[in-house]
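In what follows, a single structure is set out as structure tokens and then discussed.
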There are 2 protein chains.
Amino acid sequence: MEVINKYVTIKCHINGAPNESDFEIKTETFSLSVESGSNNVVVKSLYLSIDPYQINRMKSYSSSQNTISQAVGIVPGEAIDASGVGRVVASGHPDFERGDLVSGKISWGEYTIVKGANIDKLDLMGFPPSYHVGILALSGLTAYAGFFEVCKPKKGEKVFVSAASGSVGNLVGQYAKLFGCSVVCCAGSKQKVELLKEKLGFDDAFNYKEETDLESALKRYFPDGIDIYFDNVGAEMLEAAVANMNAFGRVAVCGVISEYTDTAKHAAPNMLDVVYKRITVRGFLCIDHMNLFADFISTTANHLRNGKIHVIEDISQGLESIPAAFTGLFRGDNVGKKIVQIIDE
Amino acid sequence: MEVINKYVTIKCHINGAPNESDFEIKTETFSLSVESGSNNVVVKSLYLSIDPYQINRMKSYSSSQNTISQAVGIVPGEAIDASGVGRVVASGHPDFERGDLVSGKISWGEYTIVKGANIDKLDLMGFPPSYHVGILALSGLTAYAGFFEVCKPKKGEKVFVSAASGSVGNLVGQYAKLFGCSVVCCAGSKQKVELLKEKLGFDDAFNYKEETDLESALKRYFPDGIDIYFDNVGAEMLEAAVANMNAFGRVAVCGVISEYTDTAKHAAPNMLDVVYKRITVRGFLCIDHMNLFADFISTTANHLRNGKIHVIEDISQGLESIPAAFTGLFRGDNVGKKIVQIIDE
């Protein structure tokens, strides 16, 4: 059986802030059956993950594209692979059958042909499928591994999280509170700041757009200094955090969204602070911490069942909403994990 | 008995590159006896350590001055404490007697009154006293701890060292070679580069002043990338090293001499590289690694006895030479550990 498959692609490489007009919805004739002898699996998309890092794959060149297979450049006109949850509609692989719920790399499209070994059967564990694109998937693991493994927190330490209403930041703050740290966060709107303080119970939060001097702002919010900075933004915020860091402070660099769309923008922290305060700045990717996945899932699922973690999701409807959903990440439109639901089963 | 004690001081705070005219030799009447009931020790200086970090103490303000007691600001007109080796000329402390050789914090002067517990008796172990100001003292420990503890090297890794003819850099390179790493270094003159290649046997070395594009230079010298960068200079060199770093690369930030005399100058490494290549940038100070001192001394003394480590010292004569010796550090005048010999016993 054949259908028309719609998928999102870029018209050309994107080297600055992305616009919706940089994207195109393409269509193709798509077979819903698997050739005999192939172990392919045909997956119908249900929920797709919308992540800022994809912008680095859309550039004509970024050094990041040479690092790992997940960061390889996206070719204009071709389908864009992304994490998602879907339903098997045809399978040539013995481990999968029609109707199975799966998670893994599919595409920003309605249907994807996946090599059987490159997808996982999904156990919902009683949670909505969208959780398995965000909080119980790589966003969650990034927060968990980044906080516990990279930041190596001690109870009572003072934690600063930027972009704290984003997919990873809100969870880092929640893990840090549950662990016994004090947490002050920043975000880019009054509404987000209220959410962080009132719903998530962080010790404090501020709107960085209302601050003219980030270094002074952090001095106000951290009169006793910062022990851990979980960096999602880079640039001036990283500089201000380093200036306010305590001795033996740790910076986990998860992402630097403010530098993604402006290649001339780089954090220039005071290196005398780095030396004299013996600060460690460490970049990390969740893919290096898959050994923690089982721990992460059981811990997080328990917290969810006990109501100790709040899930902040921002779900748009339909494949056509992907360009707006993605470009909105760079305008700070999303509150929580950005997800697009492709079909309502 | 009283003598005239000469000592070096700064006339006023120094906020840029230091000039000899910023310094002054002062004299004072100085008693060579100890008051009864005091546990003070009067030490006559023999060899004094001349270190770039002192410039950060000479500034009217540097955040570094708030970090550790060793980095506290220097008051114009007052004596400047520094590491050195000296001879006890009078003692009120039961552990010390006239004639003892001691090492520790004395001052850039001919004589110092030291509280007895704040100095150590020195066992020369068959080495010249100057070694106990450099290679067998904090410069050596900095290289040893920085390389083995902070860089966590593996055999065969590719190591880059900047300011490699300096007190710490030359030793890092030598430890790295002995450990089984390949080592490429840079320095600021043809003569230094020859020394690094020919006498110290590094795999390669280059004069950074002859390179117009440091990133390209490092690409030439490290076609397979850098695993470890031991940073003594900061700024553009740190940026170029990060750009050439391999996945899981480590940067040990020992010092950033190019940033010391220009507060507007900061390294602005590409943070996308830091994230995607999972680079760790870690500042450190040797004082946090005193637990390694015994290991460091026994390992280094063995290498010295077996002729496996070369000692590169640059010794000036006389207290009056201190201002030139110190300011020369920032012009790259020194080749190896800069020491001033105060008296020839």
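The values are calculated or read from the model by the stated rules, or taken from the named source; none is laboratory data. What you see is a predicted model; the values in this text were computed from it and never measured. We place every Cβ from the backbone using ideal geometry, glycine too, and count neighbours over all the protein chains shown.
If we scan segment A:270-278, do we find a residue that is within 26 Å of residue A:16 (Cα to Cα), without any contact (Cβ under 8 Å) to a residue 40 or more places away in the chain and crowded, with 20+ Cβ neighbours inside 10 Å?
Filtering segment A:270-278 down to residues within 26 Å of residue A:16 (Cα to Cα) leaves none.
Scanning segment A:270-278, I find no residue that is within 26 Å of residue A:16 (Cα to Cα), without any contact (Cβ under 8 Å) to a residue 40 or more places away in the chain and crowded, with 20+ Cβ neighbours inside 10 Å, so the answer is no.
Please determine, by comparing only the residues of segment B:47-87 that are farther than 26 Å from residue B:259 by Cα and in contact with a Lys or Arg (Cβ under 6 Å, 6 or more places away or on another chain), which one is farthest from the other protein chains (Cβ to nearest Cβ).
The extreme case among them is B:87.
Which residue is surrounded by the most Cβ atoms within 10 Å (Cβ to Cβ), if the candidates are limited to segment B:238-269 and must be over 18 Å from residue B:166 (Cβ atoms) and polar (S, T, N, Q)?
So the residue we want is B:244.
Any residue in segment B:15-37 that's among the basic types (Lys, Arg): show its pairings with residues that are outside any loop (DSSP other than H, G, I, E, B) and at pLDDT 95 or above at Cβ separation under 7 Å, as long as the two are six or more apart or on different chains.
From segment B:15-37, the pairs are B:26/B:7; B:26/B:9.
Go through the residues of segment A:212-228 one by one and say whether even a single one is buried (at least 22 other Cβ atoms within 10 Å of the Cβ) and in a helix (DSSP H, G or I). So that I can check it myself, show each step before the final result.
Going residue by residue through segment A:212-228, those that are buried (at least 22 other Cβ atoms within 10 Å of the Cβ) are A:218, A:226-228.
Still in the running and in a helix (DSSP H, G or I): A:218.
Yes, there is a match, as at least one residue in segment A:212-228 is buried (at least 22 other Cβ atoms within 10 Å of the Cβ) and in a helix (DSSP H, G or I).
Looking only at segment B:100-119, filter to residues that are farther than 21 Å from residue B:318 by Cβ and more than 20 Å from the chain's Cα centre (by Cα); which one of those is surrounded by the fewest Cβ atoms within 10 Å (Cβ to Cβ)?
Filtering segment B:100-119 for residues that are farther than 21 Å from residue B:318 by Cβ and more than 20 Å from the chain's Cα centre (by Cα), the one surrounded by the fewest Cβ atoms within 10 Å (Cβ to Cβ) comes out as B:117.
With the requirement that a residue be within 30 Å of residue A:59 (Cα to Cα) and either modelled with pLDDT under 95 or facing chain B (nearest Cβ under 7 Å) (or both), what does segment A:229-251 give you?
Matches in segment A:229-251: A:234 only.
Select from segment B:1-56 the residues that are closer than 27 Å to residue B:265 by Cα and touching a strand residue (DSSP E or B) at 6+ places or on another chain (Cβ under 8 Å) and list them in ascending order.
Once the filter is applied, which keeps residues that are closer than 27 Å to residue B:265 by Cα and touching a strand residue (DSSP E or B) at 6+ places or on another chain (Cβ under 8 Å), segment B:1-56 yields B:9, B:10, B:11, B:22, B:23, B:49, B:50, B:51, B:54.
From the list A:177, A:155, A:197, which residue is at pLDDT 95 or above, of a type in the set (Lys, Arg) and not in a helix (DSSP H, G or I)?
None of the others qualify; the one that does is A:155.
Can you find, within segment A:252-267, the residue that is nearest to residue A:221 (Cα to Cα) among those that are out of contact with any helix residue (DSSP H, G or I) (no Cβ under 6 Å at 6 or more places or on another chain) and within 9 Å of chain B (Cβ to nearest Cβ)?
A:255
Of the numbered conditions (1) under 30 Å from residue B:54 (Cβ atoms); (2) touching a residue at least 60 places away in the same chain (Cβ under 8 Å); (3) buried (at least 19 other Cβ atoms within 10 Å of the Cβ), residue A:337 satisfies every one except a single condition; which is it?
Only one criterion in (1) under 30 Å from residue B:54 (Cβ atoms); (2) touching a residue at least 60 places away in the same chain (Cβ under 8 Å); (3) buried (at least 19 other Cβ atoms within 10 Å of the Cβ) is unmet by residue A:337, namely (1).
Yes/no per residue for (1) within 22 Å of residue B:234 (Cα to Cα); (2) buried (at least 20 other Cβ atoms within 10 Å of the Cβ); (3) over 19 Å from the mean Cα position of the chain (by Cα); (4) at pLDDT below 95:
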{"position": "B:33", "(1), (2), (3), (4)": "no, no, yes, yes"}
{"position": "B:41", "(1), (2), (3), (4)": "no, yes, yes, no"}
{"position": "B:46", "(1), (2), (3), (4)": "no, yes, no, no"}
{"position": "B:54", "(1), (2), (3), (4)": "yes, yes, no, no"}
{"position": "B:57", "(1), (2), (3), (4)": "yes, yes, no, no"}
{"position": "B:69", "(1), (2), (3), (4)": "no, no, no, yes"}
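Test residue A:286 against the stated conditions and say whether it is of a type outside the set (S, T, N, Q), within 14 Å of the chain's Cα centre (by Cα), closer than 29 Å to residue A:59 by Cβ and more than 9 Å from chain B (Cβ to nearest Cβ). Walk me through it before giving the result.
Numbers: of a type outside the set (S, T, N, Q): yes; within 14 Å of the chain's Cα centre (by Cα): yes; closer than 29 Å to residue A:59 by Cβ: yes; more than 9 Å from chain B (Cβ to nearest Cβ): yes.
When the stated conditions are applied, residue A:286 passes them.
List the number of the failed condition for residue A:317; all other conditions in (1) in contact with a strand residue (DSSP E or B) (Cβ under 7 Å, 6 or more places away or on another chain); (2) within 17 Å of residue A:83 (Cα to Cα); (3) surrounded by 22 or more Cβ atoms within 10 Å (Cβ to Cβ); (4) of a type outside the set (Asp, Glu) hold.
The number of the failed condition is (3).
Any chance segment B:109-119 includes a residue that's closer than 15 Å to residue B:46 by Cα and hydroxyl-bearing (Ser, Thr, Tyr)?
yes
Going through A:184, A:172, A:159 one at a time, which residue ends up being over 18 Å from residue A:303 (Cβ atoms) and β-branched (Val, Ile, Thr)?
A:184
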